[in-house]
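The structure under discussion appears below in the form of structure tokens.
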Amino acid sequence: MKTAITQDIDYCAALLKANRLVAIPTETVYGLAGNAMEEAAVANIFELKGRPRFNPVIVHIHSLSQLDGLAQNVPENAMRLAKAFWPGSLTLILPKHAKVPDIITAGKPTVGIRMPDHPLTLELLKKLPFPVAAPSANPFTRVSPTTVEHVSNYFNGRIPAILDGGPCSVGLESTIVGFDGEAPIVYRKGGISVEDIEATVGSVTLLLENETTPQAPGMLLKHYAPRTPLVVSADVDATITENTSKKVGVLSFCRDSFPQAALVKVLSTGASMEEAAQNLFASLHELDRAGLDLIVAERFPEKGLGRSINDRLHRAQN
Ligand code: TXA
Ligand code: MG
């Protein structure tokens, strides 16, 4: 199969209506999309990703009015967050409507829903009579794609089309928030900081650790992983010194000079967390392809998006 890299929304809509899969751009990462209401299309997503069936997928919508057919008993705090952050990098876990296929929710009573903030994808969603299921467009456990090239490296020849929306502007997956009654629970730190969520609905519970059964696979510790061994370090110089026999690459927040390193990727010369998040996965993809023995990733300040970035770096350790 030849994979079309295209900006033709009508073509992508036609493919999705025919139960085919299309990689779509969002502001967070590219998604692997299919008709959320058709079990066969969703099954195909799981198969292509090599994703275990116990791992539920997110449903993408373009309008709040679509919530009615997907969720019920929506908490007031969920509506507050939706109004504050949609379209945007927030996934809400809500009690599911009976119409949502079990394959989407992995048999859970809840469904993850998000309105992505990307003009092409919002336009595409408006042309469809159904919402789309879209996990990140990477094989299970691998680094998420933030460019068409990343998607193509993973799935070229195995999907009919990639909707080309350029590089992702946020670069981290959505923040996932569920509810116990009205009490907000953060399951995955992401493109919207925990501080921003708390400013809207008050203090949240973080449920991110690998407890016995993960609520969300973003919680599985080995995830977002490059093939090259990676270690997170608060003192990059010391870690390089401990590994002088190895060909070391550095993933640095803002400093660019590490004379002993074979390759240095700086995430933001101006020390902007937003810019660092935007560049994170592309830099990981690049370091992973550079034939290094070890990637040393600098630990970020534990605030704002730095918390989400640290989360991804820790999961990338292998
Ligand atoms: O930014 C994003 O969220 C991207 C773009 C494409 O929208 N999508 C994404 O999907 O990251 P995925 O499948 O890679 O991650 C979705 C996460 C998984 O960790 C999944 O377990 C969790 O959402 N999830 C989905 N439905 C859930 C549910 N009902 N309860 C708990 N977790 C859920
Ligand atoms: Mg993913």
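The values are calculated or read from the model by the stated rules, or taken from the named source; none is laboratory data. Everything numeric here is computed off the predicted structure, so don't read it as measured data. Positions of Cβ are backbone-derived with ideal geometry, glycine not excepted, and every protein chain shown enters the neighbour counts.
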Every residue in segment 44-59 that is in a loop (DSSP other than H, G, I, E, B) and of a type in the set (D, E, K, R), please.
ARG51, ARG53
Enumeration of residues in segment 60-91 that are more than 15 Å from ligand 1 (Cβ to nearest atom) and part of a loop (DSSP other than H, G, I, E, B):
SER63
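Are any residues in segment 109-122 over 19 Å from GLY191 (Cβ atoms) and either outside the structural domain of ALA23 (by TED's automatic domain parsing) or surrounded by 15 or more Cβ atoms within 10 Å (Cβ to Cβ) (or both), and if so, which ones?
Residues satisfying the conditions are THR110, VAL111.
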If you check every pair at least six apart or on different chains, which have Cβ atoms under 7 Å apart with a residue in segment 96-110 that is in contact (Cβ under 8 Å) with a residue 40 or more places away in the chain first and a residue that is within 16 Å of ligand 2 (Cβ to nearest atom) and small (Gly, Ala, Ser) second?
ILE104/ALA133
Whichever residue in segment 183-232 is of a type in the set (D, E, K, R) and at pLDDT 70 or above and, among such residues, is nearest to ligand 1 (Cβ to nearest atom)
ARG188
The one condition in (1) in contact with a helix residue (DSSP H, G or I) (Cβ under 6 Å, 6 or more places away or on another chain); (2) more than 30 Å from ALA40 (Cβ to Cβ); (3) within 12 Å of ligand 1 (Cβ to nearest atom) that PHE140 fails to fulfil
(2)
I'd like to know if segment 266-284 contains one or more residues that are touching a strand residue (DSSP E or B) at 6+ places or on another chain (Cβ under 8 Å), in a loop (DSSP other than H, G, I, E, B) and not aliphatic (A, V, I, L, M).
no
Taking strands (runs of 3 or more DSSP E) that fall entirely within segment 2-43, which contain at least 2 residues that are in the same structural domain as SER169 (by TED's automatic domain parsing) and within 21 Å of PRO56 (Cα to Cα)?
22-24, 31-35
Exactly one condition in (1) surrounded by fewer than 22 Cβ atoms within 10 Å (Cβ to Cβ); (2) within 16 Å of ligand 2 (Cβ to nearest atom) is not met by THR6; state its number.
(2)
